[in-house]
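The values are calculated or read from the model by the stated rules, or taken from the named source; none is laboratory data. Not measured: the values here are computed from a predicted model. Here the Cβ positions follow ideal geometry from the backbone for every residue, glycine too, while neighbour counts run over all protein chains shown. Surface areas here come from the heavy atoms of the whole protein model, side chains and all, with no ligands, DNA or RNA. Shrake-Rupley method; radii C 1.70, N 1.55, O 1.52, S 1.80 Å.
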Amino acid sequence: MKRTIKHIFYILSITIMLASCASEASLQHYFVDNQESSNFISQDIPISMVKLDKSHFSEEQNEAFNSVKRLNFLGYKVSEAKTFKTELAKVKTILKDKKYNDLMEFNDKGRKIIVKYVGTDDEADEVIVFGSSKDLGFGIIRVLGNDMSPDKMVTLITALQKADIDESQVENLMNFFK
C-alpha cells in the first residue's frame, strides 16, 4: 500500500513538472504572473472611461475606436538595470512568437514603441502596444475588443499620437514611473 501511494505521488509529480515545462509563455500569463509584483503596476481600463476629443477622427478611426472594449495595462518601473533587462528580455521573447504579427514600430522621444496584433489581416483578436525606455521602464497595453481591423487600428494609433489626451485620466499610471 505504501509503495502504491509513493508510486502514484511520483507519477503525479512528474506529470506536473512536464505540464509546467510544456506550457508556453504568453502575454496573458506574463500579466497574471506580475500584476501583484512591486515594480509593476497593472490596470484594466474600460474604453468607456477613456475620454478624448474624437471630432477630428475619420470614419475609419471612429470605427476602430468603437471596436475597442477594454485596455489591459501592465507597466514595469526601472529599479535596477539588471532586473529591467531580464524583464524586458522576457517580454521581447514572448512578442517574438509567430502568433504576434507586426503592425507598426516607431521611436518617440527616445522611447521605442512596437505595435503587434494577434489574429488575421482582416480581424485582430488583440492588439498589443509595447513601449520601453531604459530610463523609465516599459509598458504593455493589451487592446481587446470586437471586430478590430489591424489597418484601422494603425490609423487610430496615428490619430492618438496627435490627439490632445486628458492626462488626468492616466495620472496614477504616470506617477508610478516617476
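Tabulated results
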{"read-out": "Relative contact order of the stretch 26-93, pairs being alpha-carbon contacts under 8 Å that are 6 or more residues apart, as %", "value": "42"}
{"read-out": "Accessible surface, 1.4 Å probe, highest first, among residues 144, 136", "value": "136, 144"}
{"read-out": "Convex hull (Cα only) mean projected area of the stretch 44-97, reported in nm² to one decimal", "value": "5.9"}
{"read-out": "Local net charge near residue 38, Cβ-Cβ under 14 Å (Lys/Arg +1, Asp/Glu -1)", "value": "-3"}
{"read-out": "Whole-number accessible area per residue in Å² for the stretch 52-96, which is evaluated in the context of all protein chains at 1.4 Å", "value": "59"}
{"read-out": "Relative contact order of the stretch 76-159, defined on C-alpha pairs under 8 angstrom at six or more residues apart (%)", "value": "24"}
{"read-out": "Over 18 Å between alpha carbons, listed pairs 51/112; 92/112; 85/112", "value": "51/112"}
